[in-house]
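Here is the structure we will look at.
The values are calculated or read from the model by the stated rules, or taken from the named source; none is laboratory data. This one's a predicted model, so the numbers in the text were calculated from it and none came from an experiment. In this analysis, Cβ positions are derived from the backbone assuming ideal geometry, glycine residues included, and neighbour counts consider all displayed protein chains.
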Amino acid sequence: MDLALWIAAGLLAAVALVGGVSKTFVPQEKLVKATGGRWTADAGVGFVKTLGVLELLAAVGLVLPAVLDIAPVMVAVTAVCWVVLMIGSIAVHVRYRDGAKYVVATSAYLVLAAFVAWGRFGPGSFTA
């Protein structure tokens, strides 16, 4: 169970890192042209960059607290926050009719994050 939770958290951290770097550092004009990025045309630059920073923080929060054994409960808290973020992401992809592949991928991230939250708050808790 612990290994599965680590793998899930690591995968989510990688996804968050890639998304965070692109939203934070790639110019909005390029994001608009990227597949699945059409929504950024209707969002302010500050909003997109804020989402990017949140994703970078999620990448850190999904792994680092447990690795350093400093407030490891933050892994589960971060996973819950990721679930909320993915709900919003699904809504945006549906609204912009980006296609089923984006909704399915985002739903998979949501399920993984829910698994990490459940596992780290429950049976795979670092305090257990």
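The residue that is nearest to residue 51 (Cα to Cα), among those in region 75-85 that are under 10 Å from the mean Cα position of the chain (by Cα) and surrounded by 22 or more Cβ atoms within 10 Å (Cβ to Cβ), is 82.
Pairs linking a residue in region 80-94 that is without any contact (Cβ under 8 Å) to a residue 12 or more places away in the chain to a residue that is aliphatic (A, V, I, L, M) and in a helix (DSSP H, G or I), with Cβ atoms under 8 Å and 6 or more positions apart or on different chains, are 94/103.
The one condition from (1) β-branched (Val, Ile, Thr); (2) outside any loop (DSSP other than H, G, I, E, B); (3) exposed (fewer than 13 other Cβ atoms within 10 Å of the Cβ); (4) in contact (Cβ under 8 Å) with a residue 40 or more places away in the chain that residue 116 does not meet is (3).
As a summary of the residue check, residue 104 satisfies the conditions (1) crowded, with 16+ Cβ neighbours inside 10 Å; (2) within 21 Å of residue 13 (Cβ to Cβ) except for the one numbered (1).
Determine whether region 100-107 contains at least one residue that is more than 19 Å from the chain's Cα centre (by Cα) and of a type outside the set (A, V, I, L, M, F, W, C). Break it down stepwise before answering.
Residues of region 100-107 more than 19 Å from the chain's Cα centre (by Cα): none.
Scanning region 100-107, I find no residue that is more than 19 Å from the chain's Cα centre (by Cα) and of a type outside the set (A, V, I, L, M, F, W, C), so the answer is no.
Applying the condition of being modelled with pLDDT of 90 or more, more than 18 Å from the chain's Cα centre (by Cα) and of a type in the set (A, V, I, L, M, F, W, C) to region 30-47 and asking which residue is nearest to residue 88 (Cα to Cα) yields 43. Pairing residues of region 98-112 that are touching a residue at least 24 places away in the same chain (Cβ under 8 Å) and among the charged types (D, E, K, R) with residues that are surrounded by 13 or more Cβ atoms within 10 Å (Cβ to Cβ) and not in a helix (DSSP H, G or I), at Cβ distances under 6 Å and at least 6 apart in sequence or on separate chains, gives 98/36.
With the structure loaded, tell me whether residue 127 is loosely packed, with under 12 Cβ neighbours inside 10 Å and among the polar types (S, T, N, Q) or whether it fails that test. In short, yes. When 40, 50, 35 are checked against the criterion of being buried (at least 16 other Cβ atoms within 10 Å of the Cβ) and of a type in the set (S, T, N, Q), 40 stands alone in meeting it. Beta carbons closer than 7 Å, at least 6 apart along the sequence or on distinct chains, pair a first residue in region 3-18 that is under 16 Å from residue 118 (Cβ atoms) with a second that is not hydrophobic (A, V, I, L, M, F, W, C) for 5/119; 5/120; 5/124; 12/109.
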